[in-house]
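Accompanying notes for the structure given below.
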């Protein structure tokens, strides 16, 4: 790969922080800084320290204004009017922090030359997903007289973006990138295959960036490269031989917040996590793979893939984080509709709910109650009790379990929301 700061030079090392490729000159500069970091990361560290002090100062001024307002506005008609004037100081501190973060992010690479801003901006967008860096790169590109000089570096960064941020790009990403990089779509696709085929393989099968399969397959379809498509499928089927479906579909041995469990979390093996990610990606593209395999007469291989994707339980994709809480609390398994939603959204919402706050479902709900847990948590005090010592408490059509003492206290307080449920809603 080419150095992002000197895009004509081959990279020798990588930045110790952001891992971008850097040349011998950049390595020497990093060693002189005694950090091993590239120029942008070094500048980011300095800006970060400044922003930290600025944030403390602005918040301090906001609080000082809140206190001072009580003495300045003595003619205010009421105490609450004084408070409202004081709150303006806190709002001002918030706005200042927001503006400072926005400005400092934009000036992080502003001292670089235009061609350097292009490639450093693209590399930082690929790593962080921040559109600020992407927009900076596009603006800097208009100031570069001849981008063809940096053709190799340009395709290096395009491929990196496709591998790390494929879901952040628009649906017609080919036309989008061709327009912004001022080349034809055919030139874009040819360049990606020329400079990126080996990079795609390295990242998909050795670095486990399985999401990169989607843009790579789209390129192969557009270029009608059945030879490369067949090779990709051969490697996919070879990788499936190492997948253990029984181990993958085992329920987690530890649920965060669940009472009566060891204090230490038993982590899943990295191998299992990678296999889950692999099968999740295959499930999202199995129809497209199936169409190609049928077209080239490889129906047997399609059946091999279906044996795994049809027996793999996709993670549920709830509509909101609170729905995720209720789903895991009730022990629900992913529904078919949720699997289809995974393909549409291309994102999985992580859930870390308390699994024992929600009451078991009613009989008319098509959910199997979870009887494996002998202890339940009170949604008010957080204590652990046997199930028979807890009673149902309904708050805004949502049933939770509370102990008898807390049930009386909640009713006495005007039927308010239980404390743990309120925290979970936040």
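The values are calculated or read from the model by the stated rules, or taken from the named source; none is laboratory data. Computed from a predicted structure; not experimentally measured. For neighbour counting, all protein chains shown are included, and Cβ atoms are generated from backbone atoms with ideal geometry for every residue, glycine included.
Please work out if residue 238 is part of a helix (DSSP H, G or I), modelled with pLDDT of 85 or more, out of contact with any helix residue (DSSP H, G or I) (no Cβ under 8 Å at 6 or more places or on another chain) and not assigned by TED's automatic domain parsing to the domain that holds residue 187. Steps first, answer last, please.
On the way: part of a helix (DSSP H, G or I): yes; modelled with pLDDT of 85 or more: yes; out of contact with any helix residue (DSSP H, G or I) (no Cβ under 8 Å at 6 or more places or on another chain): yes; not assigned by TED's automatic domain parsing to the domain that holds residue 187: yes.
Spelling it out, residue 238 is indeed part of a helix (DSSP H, G or I), modelled with pLDDT of 85 or more, out of contact with any helix residue (DSSP H, G or I) (no Cβ under 8 Å at 6 or more places or on another chain) and not assigned by TED's automatic domain parsing to the domain that holds residue 187.
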Residues in segment 32-39: is at least one assigned to a helix (DSSP H, G or I) and either under 20 Å from residue 121 (Cβ atoms) or not assigned by TED's automatic domain parsing to the domain that holds residue 121 (or both)?
yes
Look through 100, 16 and report the one residue that is in a loop (DSSP other than H, G, I, E, B), within 25 Å of the chain's Cα centre (by Cα), closer than 26 Å to residue 134 by Cα and not assigned by TED's automatic domain parsing to the domain that holds residue 157.
16
Exactly one of 240, 188 is over 26 Å from the mean Cα position of the chain (by Cα) and crowded, with 17+ Cβ neighbours inside 10 Å, and that residue is 188
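Search segment 253-270 for residues being within 27 Å of the chain's Cα centre (by Cα) and exposed (fewer than 12 other Cβ atoms within 10 Å of the Cβ), and hand back the single one that is modelled with the lowest pLDDT. Steps first, answer last, please.
Going residue by residue through segment 253-270, those that are within 27 Å of the chain's Cα centre (by Cα) are 253-258, 264-270.
Checking the rest, the ones that are also exposed (fewer than 12 other Cβ atoms within 10 Å of the Cβ) come to 253, 264, 266-267, 269-270.
On the way: 253: 58, 264: 49, 266: 53, 267: 56, 269: 77, 270: 83.
Of everything passing the filter in segment 253-270, 264 is modelled with the lowest pLDDT.
Mind listing just one residue for me: the one in segment 135-168 that is part of a loop (DSSP other than H, G, I, E, B) and either in contact (Cβ under 8 Å) with a residue 24 or more places away in the chain or crowded, with 19+ Cβ neighbours inside 10 Å (or both) and, of those, nearest to the chain's Cα centre (by Cα)?
Kept after step one, since they are part of a loop (DSSP other than H, G, I, E, B), are these residues of segment 135-168: 142-146, 165.
If we keep only those that are either in contact (Cβ under 8 Å) with a residue 24 or more places away in the chain or crowded, with 19+ Cβ neighbours inside 10 Å (or both) too, we end up with 143-144, 165.
Details: 143: 33, 144: 33, 165: 10 Å.
Within segment 135-168, the match that is nearest to the chain's Cα centre (by Cα) is 165.
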